[in-house]
Amino acid sequence: MREVAILGVGMTKFGELWDRSFREIGIEAGFQALVDAKLSSGDLGALYLGNMASGSLISQEHIAPLILDYSGLAGHHLEAVRIEGGGASGALALHMGYLAVASGAHDFVVVGGAEKLTDVPDTEANRIAGATADHEWETVFGATLPALWAMIARRHMTEYGTERRQLASVAVHAHEMGSKNPNAHFRNRVTLEAVMNATPVAEPLGVFDCAPFSDGAAAVVLGPLERARKFTDTPIRIAASQVACDTMALQHRRDLTTLDSTVVAAKRAFAQAKHVPADVRVAEIHDAYTISALVALEDLGFVTKGRAGPEFASGAFGPGGPLTVNTSGGLKAQGQPFGAVGVAQAVELVRQLRGEAGDRQVAGASLGLAHNVGGTGATSVVHLLERVN
Amino acid sequence: MSIARFWRETPRRYNLGGCRCTNCGTVYFPPRSVCPTCSKHRRSLGRLEPFHLSGEGEVVTFTIVHEAAEGFEMQVPYVLAIVKTPEGPQLTGQIVDLEPKDARIGLKVRATFRRLREEGKAGVIHYGYKFTPAEPTASGRPGARSAGPVPVPPSSEASGARS
């Protein structure tokens, strides 16, 4: 297997992009990444596109060749493949692109992630997102994604004494970081009180505990590390790319407060990269719900099981500490266009590792972790990205 | 959801029909065709026999849902829980006939046959299990519309079901 590098990155603004179509945002992100990589489209071997539910959301399947076509590449007859894994679709696409380059099947590929959520009403988007849980044995009985995560939260609060205000501190941090990110869906700061007093969605979670439904696209260009210097002075190596799965329904998990898929994916990733969690300076973790972020910090090995709440609330994962999480604003503030999330996480890490993250730059970051989850954890994907000096 | 799609799961949703692995004895709900516990998965093929849950259980975790799942809009706020059965499997379902504020982890509950949701005024009505308290709760049972918990019926007759 060859070493793989990220040569270029691009993304659209995330948010309610009512004036822009799915194909427009997909193409914008892809070309930004190509220009950033200083590659021309003729160099490409394949396109991997992460997307969760285009069929339900925009009545369009078969979207990989669609994006390829409107990128002007139909005549090149490239391989174009859509990849789906619920909310983890983007990181799964990155994994597939990584495998394609590492194996030598292709030299240069584009990995994209795109989702258009605001072409349907919120209630419809809720239903579609809920389909990433087990339809026959969860949603049919009245479950929604926030309800399932709320049950994880309740259990975590009972077993470890995690407090409501500790959950809320995750959203406060996300909005603080989002305020520094020009691409973020939400750029306003919020207070702890506002989060805690927001309209309930599924108790103990309220509106501000839940990431929004956003439109958006992100893309990265991958190539073999040995050829990366030709294109960039700061190639970012993919030090690890790991996927792990678990039971579809939350009710069948070994432990309701642990995502075993995340635990296993992280262990494999740190073994592959020959690193330990303490080496990571910047991480983009899957905070679809405030509880998701706390559970992730524990499952990734950044904090002892049960301690994420008090540690987060004390500012341990904010700017200036040994590890800063979700400098992009995370899913909560940067936004949640499902299939684009995992790719956007890689975009943010690359900007951090190159030192191009502006107001939200973490000084001296050389190793970053991205963590992307589908449903309530049936799929977890962990990537480790490292600056090559 | 299409009629066939819901109908083919009715034995499970109406009667809590799970299965038991005759190799290792583990009980599953919903039923599976391969046993995840047996060390040699292939040997469990064809060796999982039907097994009915008693309907007894205990709340492991719960939430009070304010933004409903599709078809549950008229029921908000409702209590949704994961219930652990004495036979082993955990089930996701609503707890009804109790005040949401009385919901708690550890509450003993019993499965009951109810209307889950309907697809509009003229659409299909879906029936299945919900849970009711099997012990007294702080506010009594103000939502109850019957004298006691309805046992899970042996047949899949839908008559008399309540939501």
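Look at A:Val264 and say whether it is surrounded by 22 or more Cβ atoms within 10 Å (Cβ to Cβ) and not in a loop (DSSP other than H, G, I, E, B).
So A:Val264 does not fit the description; no.
Any residue in segment A:218-231 that is more than 17 Å from the chain's Cα centre (by Cα) and either among the polar types (S, T, N, Q) or not assigned by TED's automatic domain parsing to the domain that holds A:Leu94 (or both)?
no
Could you tell me which numbered condition A:Cys210 fails, if it satisfies all but one of (1) of a type outside the set (Phe, Trp, Tyr); (2) within 16 Å of A:Leu145 (Cα to Cα); (3) in contact with a His (Cβ under 9 Å, 6 or more places away or on another chain)?
Status for A:Cys210: all satisfied but (3).
Is it the case, given these coordinates, that B:Thr85 is hydroxyl-bearing (Ser, Thr, Tyr), within 11 Å of another protein chain (Cβ to nearest Cβ), under 16 Å from the mean Cα position of the chain (by Cα) and closer than 22 Å to A:Thr123 by Cα?
No: the conditions fail for B:Thr85.
Given the criterion over 23 Å from A:Gly309 (Cα atoms), within 14 Å of chain B (Cβ to nearest Cβ) and of a type in the set (A, V, I, L, M), identify the matching residue among A:Ala143, A:Ala184.
Among A:Ala143, A:Ala184, only A:Ala143 is over 23 Å from A:Gly309 (Cα atoms), within 14 Å of chain B (Cβ to nearest Cβ) and of a type in the set (A, V, I, L, M).
Please determine, by comparing only the residues of segment B:1-30 that are assigned to a loop (DSSP other than H, G, I, E, B) and away from chain A (no Cβ under 11 Å), which one is surrounded by the fewest Cβ atoms within 10 Å (Cβ to Cβ).
Filtering first and then ranking leaves B:Ser2.
Which condition breaks for B:Ala138 when tested against (1) more than 11 Å from chain A (Cβ to nearest Cβ); (2) not in a loop (DSSP other than H, G, I, E, B)?
Exception for B:Ala138: condition (2).
For segment B:65-82: of the residues being outside any loop (DSSP other than H, G, I, E, B) and either touching a Phe, Trp or Tyr at 6+ places or on another chain (Cβ under 7 Å) or more than 8 Å from chain A (Cβ to nearest Cβ) (or both), which is surrounded by the most Cβ atoms within 10 Å (Cβ to Cβ)?
Per the criteria, the residue is B:Ala81.
Out of all the residues in segment A:154-161, is one or more in contact with a strand residue (DSSP E or B) (Cβ under 8 Å, 6 or more places away or on another chain) and closer than 26 Å to B:Gln75 by Cα? Before you say what the answer is, go through the steps one by one.
Start the filter on segment A:154-161 by keeping residues that are in contact with a strand residue (DSSP E or B) (Cβ under 8 Å, 6 or more places away or on another chain), which leaves A:154-155, A:158.
Still in the running and closer than 26 Å to B:Gln75 by Cα: A:154-155.
Within segment A:154-161 (the criterion being in contact with a strand residue (DSSP E or B) (Cβ under 8 Å, 6 or more places away or on another chain) and closer than 26 Å to B:Gln75 by Cα), the answer is yes, since at least one residue qualifies.
So, B:Leu91, is that one within 13 Å of chain A (Cβ to nearest Cβ), in contact (Cβ under 8 Å) with a residue 40 or more places away in the chain, surrounded by 23 or more Cβ atoms within 10 Å (Cβ to Cβ) and under 11 Å from the mean Cα position of the chain (by Cα) or not?
On the way: within 13 Å of chain A (Cβ to nearest Cβ): yes; in contact (Cβ under 8 Å) with a residue 40 or more places away in the chain: yes; surrounded by 23 or more Cβ atoms within 10 Å (Cβ to Cβ): yes; under 11 Å from the mean Cα position of the chain (by Cα): yes.
Yes.
The values are calculated or read from the model by the stated rules, or taken from the named source; none is laboratory data. Quantities reported herein were computed from a predicted structural model and do not represent experimental measurements. Using ideal geometry, Cβ is built from the backbone for each residue, glycine included, and neighbour counts are taken over all protein chains shown.
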